[in-house]
Amino acid sequence: MIDLKRLVREIPDYPKPGILFYDITTLLKDPVGLHWAVDILANTFLAQKIDLVIGIEARGFIFAPMVAYRLNAGFVPVRKPNKLPAARASMSYSLEYGKDAIEIHRDAICAGNDVLIIDDLLATGGTAAATAKLVESLGGRVAGMGFIIELEELKGREKLNAYPVHSILKY
């Protein structure tokens, strides 16, 4: 087993003083580390029926298509507002410093689809919770959520307790 934490670069005081940023670009450039991270996420949900894997903009786009490929599922992007060209469904959510929103194509999910949500980081859980609400509003079922990194101190998992949540690295 490879030590994936060793491949994550820690950058103090970024993007502002007092914040410790966990940079996954160093993990991404390591072929063995990238392979392990994708395999761990995919293998966690391999025994489940997964129709679609959602990647949350932006770094969820890196992992979700690879996990979808491994699970023989489709890939669906969830984007920031006004980035998708067809009819969209939207969900707003609160941030520490205001509000934000995410969107998905209305025809991306069909009633009864089993959906896996993937992102690089679980912090406060706001984006993942909003994504789950979007999935459910379109008739899909959230089969689980997978993250590369979880910042446990921010208690994001508590917003997601209705779903199976798996994170690889906990800080």
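The values are calculated or read from the model by the stated rules, or taken from the named source; none is laboratory data. What you see is a predicted model, and the numbers here were worked out from it, not measured in a lab. Heads up, the Cβs are rebuilt from the backbone with ideal geometry, glycines too, and the neighbour counts pull from every protein chain shown.
One table, with the values for the structure above:
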{"item": "Test for residue 37: is it in contact with a Gly (Cβ under 6 Å, 6 or more places away or on another chain), closer than 14 Å to residue 119 by Cα, surrounded by 12 or more Cβ atoms within 10 Å (Cβ to Cβ) and modelled with pLDDT of 95 or more", "result": "no"}
{"item": "Every pair of residues 6+ apart whose Cβ atoms lie under 7 Å, when the first sits in the range 1-17 and is within 24 Å of residue 40 (Cβ to Cβ) while the second is modelled with pLDDT of 95 or more and of a type in the set (Ser, Thr, Tyr)", "result": "7/26; 8/22; 8/26; 9/26; 10/22"}
{"item": "Answer residue from the range 99-128, given it is among the small types (Gly, Ala, Ser), under 17 Å from the mean Cα position of the chain (by Cα) and surrounded by fewer than 21 Cβ atoms within 10 Å (Cβ to Cβ) and is farthest from residue 145 (Cα to Cα) among those", "result": "101"}
{"item": "Inter-residue pairs, beta-carbon under 6 Å, first crowded, with 18+ Cβ neighbours inside 10 Å and in the range 152-170, second of a type in the set (Asp, Glu), 6+ apart", "result": "167/150"}
{"item": "Residue tally, condition assigned to a loop (DSSP other than H, G, I, E, B) and not β-branched (Val, Ile, Thr), over the range 44-80", "result": "12"}
{"item": "Condition check for residue 84: crowded, with 17+ Cβ neighbours inside 10 Å, at negative phi and in a strand (DSSP E or B)", "result": "no"}
{"item": "Tally, over the range 131-141, of residues that are buried (at least 21 other Cβ atoms within 10 Å of the Cβ) and either free of Cβ contacts under 8 Å to residues at least 40 places away in the same chain or assigned to a loop (DSSP other than H, G, I, E, B) (or both)", "result": "2"}
